[in-house]
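A short worksheet on the structure shown next.
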Amino acid sequence: MQCYSFIKTMMILFNFLIFLCGVALLAVGIWVSVDGPSFLKIFGPLSSSAMQFVNVGYFLIAAGAVLFALGFAEHYLTLLAVQTIKKDYGSQKDFTQVWNSTMEGLKCCGFNNYTDFEESPYFTDNKVFPPYCCFDDVNGTEPCTKKRAEDKPVQGCFKQLLSDIRTNAITVGGVAAGIGGLELAAMIVSMYLYCNLK
C-alpha cells in the first residue's frame, strides 16, 4: 500500500512537471511571437544569433500547449472521450472506424477499458463489446462478451498512448537538446571567428 501511494505521488509530481514545462514553453513562445525584439534585447551582442529563436515561436506555442494539456487536462479529457464513445461508437461510421483503427494499432480497448462501451449504440445493438477488448481473439468467432472482456487484461488506449508519448518524449527531448547544443557550438565558433578575423 505504501509503494502504491509513493508511485501515485511520483505520477502527480511528474504530471505537474510536464504542466510547468508546458506553461514555460507556451509563455516563451507567445512572448517571442508577439514581441520578438524585446526578447532579442536580452541577448545583447548575440541578438543576431538569437534571432533563430524568434522563428520557432509558433512551434514553442504548439509544444507548450500539448504539454500543458497532458499535464493538466487528463481528467477532463477522459470525461469528454468516454461520453463521446458512449454516444457515438457504433452509430457514427467515421468515429467508429477511427476508434477501431486506434484500438487495433495500439492493441488497446476504449479510452479507459471495455466499460467505456457499455452504453454505446454498438453495445446496445449487439450486446457484445468490440473484438479489440478481447484482443487475442480479434479474428475469432467467439464474441467479446462482458465475461470475456473482464478476463482479458487489455489496457485502455489513453494509458497506452500516454505511455508511448512519454517514452518518445525523452527521445525527442534528447534530439532537441543535441540540436540546441550544436547550434550553440556553431554560434560560439562563429563569434570567435568574427572577433579574431578583424
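Structure data summary
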| item | result |
| --- | --- |
| Distance between modelled label sites at Leu80 and Phe14, nm, 7 Å Cα→Cβ extension | 2.3 nm |
| Accessible area in the full protein assembly, largest first, 1.4 Å probe, for Leu77, Leu106 | Leu77, Leu106 |
| Accessible area (Å², 1.4 Å probe, nearest 10) - Trp31 | 100 Å² |
| Separation in nanometres of the label points that stand 7 Å from Cα toward Cβ, at Met191 and Ser101 | 4.8 nm |
| Assigned charges on the beta-carbon of Lys, Arg, Asp, Glu; the stretch 53-196 dipole about Cα centre (debye) | 120 debye |
| Phi-based couplings in Hz for the stretch 146-162 (Karplus 6.51, -1.76, 1.60; Gly and Pro marked x) | 4, 4, 5, 5, 5, 6, 8, x, 8, 6, x, 5, 5, 5, 5, 5, 4 |
| For Asp35, solvent-accessible area (1.4 Å; no DNA, RNA or ligand), Å² | 70 Å² |
| Whole-number accessible area per residue in Å² for the stretch 64-198, which is evaluated in the context of all protein chains at 1.4 Å | 63 Å² |
| Selection from Gly181, Thr78, Pro131 lying farthest towards where the dipole of the stretch 53-196 points positive, charges on Cβ | Gly181 |
| By accessible area with a 1.4 Å probe, ligands and nucleic acids excluded, highest first: order of Met187, Met103 | Met187, Met103 |
| Under 15 Å between alpha carbons - lysine pairs in the stretch 53-196 that sit 8 or more apart or on different chains | 5 |
| Percent carbon-and-sulfur accessible area, the stretch 53-196, ignoring ligands, DNA and RNA, probe 1.4 Å | 64 percent |
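The values are calculated or read from the model by the stated rules, or taken from the named source; none is laboratory data. Note that this is a predicted model, so its numbers are computed, not measured. FYI the Cβ positions are ideal-geometry reconstructions off the backbone, even for glycines, and counts take in every protein chain you see. These accessible areas exclude ligands, DNA and RNA; they are computed on the full protein's heavy atoms, side chains included. Shrake-Rupley method; radii C 1.70, N 1.55, O 1.52, S 1.80 Å.
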